[in-house]
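To keep things clear, I will list the structure first and then write my remarks on it.
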Amino acid sequence: MSWRVKVPVFSLEGSPVGELELPEFFQEEYRPDLIRRAVLSSQTARLQPKGVDPMAGKRTSAETWGKGYGVARVRRVKGRGYPAAGRGAFAPHTVGGRRAHPPKVEKVLKERINRKEKRLALRSAVAATARAELVRSRGHLTEGVPSLPLVVEDRLEELSETKRVKEVFQKLGLWKEVERVSSGIKIRAGRGKMRGRRYRSPVGPLVVVSKDRGIKKGAGNLPGVKVVEARNLGVEDLAPGGMPARLTVWTPSALQELGERV
């Protein structure tokens, strides 16, 4: 027996204009462990291996003085004059010496995941967006959202003005979520605020479209809102930080394209 569940398709005015049969991957088992692994795999894939020059701290003619001088027998810089002469060198604990345990490029940084596991994680993350209790537990405001999953007609992809996107979000019950994100932007604690990541912002709605016909420009200025094409949709988009069930808006053509992919 085939699995068939139909959900309403909403217009830009917020009223239902038809029904759509959900793809079968919406019945996938909820696997938060697998989703977390897939997110870690995506994050670690962006890390760049780094190491040190094998000869760093070793390019010196320093020699030890030997015994009988009442000083440690580490290699010391030759010559006369302060401060270079007599300064320690080469040893890990000395000024100008090498590092004891430097970072190495051979270190395994990437969390690897099998292709089938990654596809299963994507299907599970998509299915989680249709479970209202999971979406609410993530902190999203779903009061006023007419349906989960929320499917909006393809004309949504053509909205290139922020004012028009705001009007549509208000009619679909999504604007409270945008306001929640806007009021939740805070200055990061600690020294990280001085290193290019001054603000922390909550995660808002995700809009999945089949093709960008202006919606990225229209929704780009709304805090927390992200627009992704179905062909580029990843687990990290659906579960930022490894936390599944992001509040997601779909278009019918995006669901059709995603069904062919996964």
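The values are calculated or read from the model by the stated rules, or taken from the named source; none is laboratory data. Model, not experiment: these values are computed from the prediction. In this analysis, Cβ positions are derived from the backbone assuming ideal geometry, glycine residues included, and neighbour counts consider all displayed protein chains.
Looking at (1) under 25 Å from GLU236 (Cα atoms); (2) surrounded by 15 or more Cβ atoms within 10 Å (Cβ to Cβ); (3) out of contact with any Pro (no Cβ under 7 Å at 6 or more places or on another chain), can you tell me which one ALA130 breaks?
Of the numbered conditions (1) under 25 Å from GLU236 (Cα atoms); (2) surrounded by 15 or more Cβ atoms within 10 Å (Cβ to Cβ); (3) out of contact with any Pro (no Cβ under 7 Å at 6 or more places or on another chain), the odd one out for ALA130 is (3).
Before we move on, is VAL165 part of a strand (DSSP E or B) and in the same structural domain as ALA130 (by TED's automatic domain parsing)?
So VAL165 fails the test.
From the list ARG213, ARG198, ARG188, pick out the single residue that is within 26 Å of PHE26 (Cβ to Cβ) and either of a type outside the set (A, V, I, L, M, F, W, C) or in contact with a strand residue (DSSP E or B) (Cβ under 7 Å, 6 or more places away or on another chain) (or both). Explain how you work it out, then say what you get.
Details: ARG198 fails: within 26 Å of PHE26 (Cβ to Cβ); ARG188 fails: within 26 Å of PHE26 (Cβ to Cβ).
Going through ARG213, ARG198, ARG188 in turn, the sole match is ARG213.
Yes/no matrix, rows are residues, columns are (1) farther than 24 Å from VAL9 by Cβ; (2) in the same structural domain as LEU34 (by TED's automatic domain parsing); (3) under 15 Å from the mean Cα position of the chain (by Cα):
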| residue | (1), (2), (3) |
| --- | --- |
| ARG197 | yes, yes, yes |
| SER201 | yes, yes, yes |
| GLY218 | no, yes, no |
| VAL225 | no, yes, yes |
| ASN232 | no, yes, yes |
| ALA245 | no, yes, yes |
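Can you tell me which residue among ALA132, ALA121 is assigned by TED's automatic domain parsing to the domain that holds VAL181, of a type in the set (Gly, Ala, Ser), closer than 30 Å to LYS176 by Cα and touching a residue at least 40 places away in the same chain (Cβ under 8 Å)?
ALA121
Take the residues of the stretch 56-73 that are touching a Phe, Trp or Tyr at 6+ places or on another chain (Cβ under 9 Å) and of a type outside the set (A, V, I, L, M): which is surrounded by the most Cβ atoms within 10 Å (Cβ to Cβ)? I'd like the intermediate steps shown before the answer.
Restricting attention to the stretch 56-73, the residues satisfying the condition of being touching a Phe, Trp or Tyr at 6+ places or on another chain (Cβ under 9 Å) are 57-58, 60, 62, 71, 73.
Filter again for of a type outside the set (A, V, I, L, M), leaving 57-58, 60, 73.
Details: GLY57: 17, LYS58: 12, THR60: 15, ARG73: 12.
This residue is GLY57.
On the basis of being closer than 27 Å to TRP250 by Cα and either surrounded by 14 or more Cβ atoms within 10 Å (Cβ to Cβ) or hydrophobic (A, V, I, L, M, F, W, C) (or both), does ARG76 make the cut? Spell out the reasoning first.
Numbers: closer than 27 Å to TRP250 by Cα: no; either surrounded by 14 or more Cβ atoms within 10 Å (Cβ to Cβ) or hydrophobic (A, V, I, L, M, F, W, C) (or both): yes.
The answer is no for ARG76.
Report, by residue number, each residue of the stretch 85-127 that is small (Gly, Ala, Ser), more than 17 Å from PRO32 (Cα to Cα) and surrounded by 11 or more Cβ atoms within 10 Å (Cβ to Cβ).
Pass one, the stretch 85-127, residues small (Gly, Ala, Ser): 85-86, 88-89, 91, 96-97, 100, 121, 124-125, 127.
Keeping just the survivors that are more than 17 Å from PRO32 (Cα to Cα) gives 85-86, 88-89, 91, 96-97, 100.
The answer is ALA85, GLY86, GLY88, ALA89, ALA91, GLY96, GLY97.
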